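As C-alpha cells, the structure follows; a few thoughts come after it.
The values are calculated or read from the model by the stated rules, or taken from the named source; none is laboratory data. It should be emphasised that the depicted structure is a prediction, and the values quoted were computed from it without experimental measurement. Neighbour counts are summed over all protein chains in view; Cβ atoms, including those assigned to glycine, are modelled from backbone coordinates with ideal geometry. Heavy atoms of the whole protein, side chains included, go into the accessibility calculation; ligands, DNA and RNA do not. Shrake-Rupley method; radii C 1.70, N 1.55, O 1.52, S 1.80 Å.
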Amino acid sequence: QAIADLSAQVKTTQTLEVERNKARSSLTTLKKMEANLDWYKDGVKAVLKAAHQESPPVEAACLDGIVGLLADVVEPAPSYETAVEAALGESLQYILVQDQSAGTAAIDYLQQSQEGRCGFIPIGGGRAVDDRPDKLPLPDGRLLNHITVRDGYEAVAAALLGHVVVADTLDAARELFNQNGRVQTVVTRGGDLLSHQGVMVGGSPDKLSGILAKKQEIKALAAQ
C-alpha cells in the first residue's frame with residue numbers, strides 16, 4: 001500500500017509540475033507582450049517608447065508630460081472586462097498626460113514622426129457627460145461599481161464611465177434606455193452597447209482588443 005501511495009503521489013507531483021511549467025510559460029509570454037506593447041496601436045507604441053527611452057531623440061524631448069496608459073489604471077471585476085472594453089472602446093488605448101499642453105506636444109510629435117495616431121487624456125481635465133443628480137445613472141447599476149480605479153485617477157474614470165450602466169442583455173439595455181429618460185450609455189456584460197446618443201454597437205466580443213482580459217489573465221496565472 002505504501003508503494004502504491006508513493007506512486008500516486010509521484011504522478012500527482014509530475015502532473016502539477018507540468019501544469020506549473022505551462023502556466024509559467026504562458027505568464028512569461030503574456031508579460032513579454034505587455035512589456036512590448038504588442039496589444040496597442042502604432043501611435044501608442046511610438047509615443048510611449050520615445051518618452052521612456054534613456055536617450056530619446058531630439059524631437060521626443062517634448063514628451064515629458066506622459067503619465068501612462070488608461071488601461072493600466074482601471075481594473076474590472078472578473079467577468080466585467082468585456083463590458084468595460086466595450087464602454088471605453090478606442091479610448092482604452094489612450095495615453096494619460098499631465099495636461100492639455102502635454103497632449104498637444106505628443107500629437108505634434110506623432111505628426112512630425114509620421115508614426116500613427118493616438119488619443120490623449122489630460123488628468124483632471126475630463127468632463128462627465130452630465131453630472132446633475134437627475135441625469136446620472138441610478139447608483140445600483142453603474143459600471144463604475146465593478147471597477148477598481150488606481151488612486152488619483154478617479155476623475156478620469158468618472159468622466160469616461162460615470163454615465164455607463166450595465167444590463168444583462170441587449171433587450172434589457174434597450175428597455176432601460178427607453179424608459180428611464182436619463183443621459184446614459186447602457187452596456188451588456190457580453191459587450192453590446194447602446195450609447196447615450198442612441199447608437200447601437202455590438203457583435204462578436206472577441207473582436208474587442210482584449211487588453212483588460214489579458215491583464216486579468218496575467219494576474220490569474222501569477223496566482224496559479
Flag if Glu115 is of a type in the set (Asp, Glu), touching a helix residue (DSSP H, G or I) at 6+ places or on another chain (Cβ under 7 Å) and modelled with pLDDT under 90: yes
Failed item, numbered, when Val186 is tested on (1) closer than 17 Å to Ser26 by Cβ; (2) among the aliphatic types (A, V, I, L, M); (3) part of a strand (DSSP E or B): (1)
Selection within the stretch 6-51 - out of contact with any helix residue (DSSP H, G or I) (no Cβ under 9 Å at 6 or more places or on another chain) and small (Gly, Ala, Ser): Ser7, Ala8, Ser25, Ala35
Residue satisfying condition, being under 30 Å from Ala23 (Cβ atoms), open to solvent by less than 50 Å² (accessible area, probe 1.4 Å), at pLDDT 90 or above and touching a strand residue (DSSP E or B) at 6+ places or on another chain (Cβ under 8 Å), within set Val187, Val156, Val164, Val149: Val149
Residue tally, condition farther than 30 Å from Ser25 by Cα and not charged (D, E, K, R), over the stretch 189-218: 11
